[in-house]
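Visitor: I have a structure here, written as structure tokens, and I will follow up with some questions on it.
The values are calculated or read from the model by the stated rules, or taken from the named source; none is laboratory data. Fair warning: this is a prediction, and the values are worked out from it, not measured in the lab. For neighbour counting, all protein chains shown are included, and Cβ atoms are generated from backbone atoms with ideal geometry for every residue, glycine included.
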Amino acid sequence: MQKILIISCLLLASCANRDTNSTNQQESNKVLHDKHVHIMSPQLISLWKSMGIPFSKEDFYYSDIDTIFNANKAQSVSLISMSYVYSSEEFGGNSENIEENVRYENDYLALAKLKHLKKIKAFYGIDPLQEFTFKEIERCHNELNLDGIKLHHNASQVYLTEPEHLEKIKSIFEYASYNQIPILMHFDNSHPKFGKTDVKILADSVITGLEYVNLQIAHFGTSGGFNQKTKDVIDAFIELFQSNHPISKHKITFDISAVCLDKDAEGVSKLTTKEFDELSTYCRKLGFDRIVFGTDYPLYRGDEYLNLLISKLRLTEDEIISLMKEKNAL
């Protein structure tokens, strides 16, 4: 099993103590809508602690929705269940009760949403390769009334180049299209060859032909940070958009969470000055109409990360407004 990037970062790098009154932070009065926020049940926290995964803050910082809102500073969030990790060999604890644990984690997400119905869009986690996947999708959609599907191709080790995997992903996108369900997808599976080919398969064999697609691609298409792979993936999408490929008609956005790193995370290095400049260029190349604001909380707080983006990417006022604008139902 390949190393699952960012999942560890949520715990190890997220909680470095920062001075909330730092004079280095630019002040911003923007309304914060954070499109990438994680919540963990006490059960999952306990499991990870038993596996030796360190947490630098009290459990409620990760599990209590009121604490999350207070810490994050966002007015509304896309809240993500991490239930997909239960089927991971590395982060699932080799559980024999995968389906039960997945249900529990998504139920916990539903309870959090009930406390803040108008402030939360809830994305239930699934592993598309599990036999019970569609049963869980239907339960979360029809019984729990949750808002969207979270796919994590790295945690689930999904390879669109594998026909069986491709068919399972196609089925999920078809169900989401028919029911007009948004999808938030961690696209990168950390395979060394992941890149343009995967983008083309997603576009040609999954999305083309669907009537409705509302897709938010996490971390600019990779697993955080900004490197050549990130550029290759973004370039591949830009090429499709500019060629008026059928995917161009759909709502496809890229969240910038965990991309503009000013600190090292496990397996992901903070950006150099040159990389910040390149990221700034790529944001403008992609266009802020396709970029949404997200923090990968608890990796960053909302206000903290927005100030970081403004400073490091030298955003104009119009670009800030465009970044924070509601672009779709996510």
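Visitor: Which pairs have Cβ atoms under 6 Å, sit 6 or more apart or on different chains, and link a residue in the stretch 57-78 that is free of Cβ contacts under 8 Å to residues at least 40 places away in the same chain and surrounded by fewer than 18 Cβ atoms within 10 Å (Cβ to Cβ) to one that is of a type in the set (A, V, I, L, M, F, W, C) and in a helix (DSSP H, G or I)?
Guide: From the stretch 57-78, the pairs are Asp59/Ile45; Thr67/Phe60.
Visitor: Looking at Asn101, Asn106, which one is of a type in the set (S, T, N, Q) and under 23 Å from Gly294 (Cβ atoms)?
Guide: Asn106
Visitor: Additional query: Residues Ser223, Ser280, Ser248, Ser269: which one is touching a residue at least 24 places away in the same chain (Cβ under 8 Å), farther than 27 Å from Val31 by Cα and of a type in the set (S, T, N, Q)?
Guide: Ser269
Visitor: For the stretch 149-191, enumerate the residues that are assigned to a loop (DSSP other than H, G, I, E, B), of a type in the set (Ser, Thr, Tyr) and on the phi < 0 side of the Ramachandran plot.
Guide: Ser156, Tyr159, Thr161
Visitor: Given (1) among the aliphatic types (A, V, I, L, M); (2) crowded, with 23+ Cβ neighbours inside 10 Å; (3) over 17 Å from the mean Cα position of the chain (by Cα), where does Ile172 come up short, assuming only one miss?
Guide: Of (1) among the aliphatic types (A, V, I, L, M); (2) crowded, with 23+ Cβ neighbours inside 10 Å; (3) over 17 Å from the mean Cα position of the chain (by Cα), only one is false for Ile172: (2).
Visitor: Considering each of Ile201, Ile234 in turn, give the residue that is in contact with a strand residue (DSSP E or B) (Cβ under 9 Å, 6 or more places away or on another chain) and part of a helix (DSSP H, G or I).
Guide: Only one candidate qualifies: Ile234.
Visitor: So, one more: Considering (1) over 13 Å from Phe220 (Cβ atoms); (2) in contact with a His (Cβ under 7 Å, 6 or more places away or on another chain), say which one Gly294 fails and leave the rest.
Guide: (1)
Visitor: Does Gln216 satisfy the condition of being surrounded by fewer than 16 Cβ atoms within 10 Å (Cβ to Cβ), within 20 Å of the chain's Cα centre (by Cα) and at pLDDT 95 or above?
Guide: No: the conditions fail for Gln216.
Visitor: Quick one: Lys274 ticks every box in (1) farther than 21 Å from Lys57 by Cα; (2) in contact (Cβ under 8 Å) with a residue 12 or more places away in the chain; (3) of a type in the set (Lys, Arg) bar one, so which box is it?
Guide: In the conditions (1) farther than 21 Å from Lys57 by Cα; (2) in contact (Cβ under 8 Å) with a residue 12 or more places away in the chain; (3) of a type in the set (Lys, Arg), Lys274 misses (2) alone.
Visitor: Tell me, which helices (runs of 4 or more DSSP H) wholly within the stretch 57-134 include 1 or more residues that are farther than 25 Å from Leu32 by Cβ and not charged (D, E, K, R)?
Guide: Those helices (runs of 4 or more DSSP H) span 98-115.
Visitor: Being within 20 Å of Gln216 (Cα to Cα) and of a type in the set (A, V, I, L, M) is the filter here, so list the residues in the stretch 297-322 that pass it.
Guide: Once the filter is applied, which keeps residues that are within 20 Å of Gln216 (Cα to Cα) and of a type in the set (A, V, I, L, M), the stretch 297-322 yields Leu299, Leu306, Leu309, Ile320, Ile321.
Visitor: Still on this structure, I have one more. Applying the selection to the stretch 251-296, what residues are assigned to a loop (DSSP other than H, G, I, E, B) and polar (S, T, N, Q)?
Guide: Ser257, Ser269, Thr272, Thr295
Visitor: Can you name every residue in the stretch 137-148 that is surrounded by 19 or more Cβ atoms within 10 Å (Cβ to Cβ) and farther than 12 Å from Leu109 by Cβ?
Guide: Ile137
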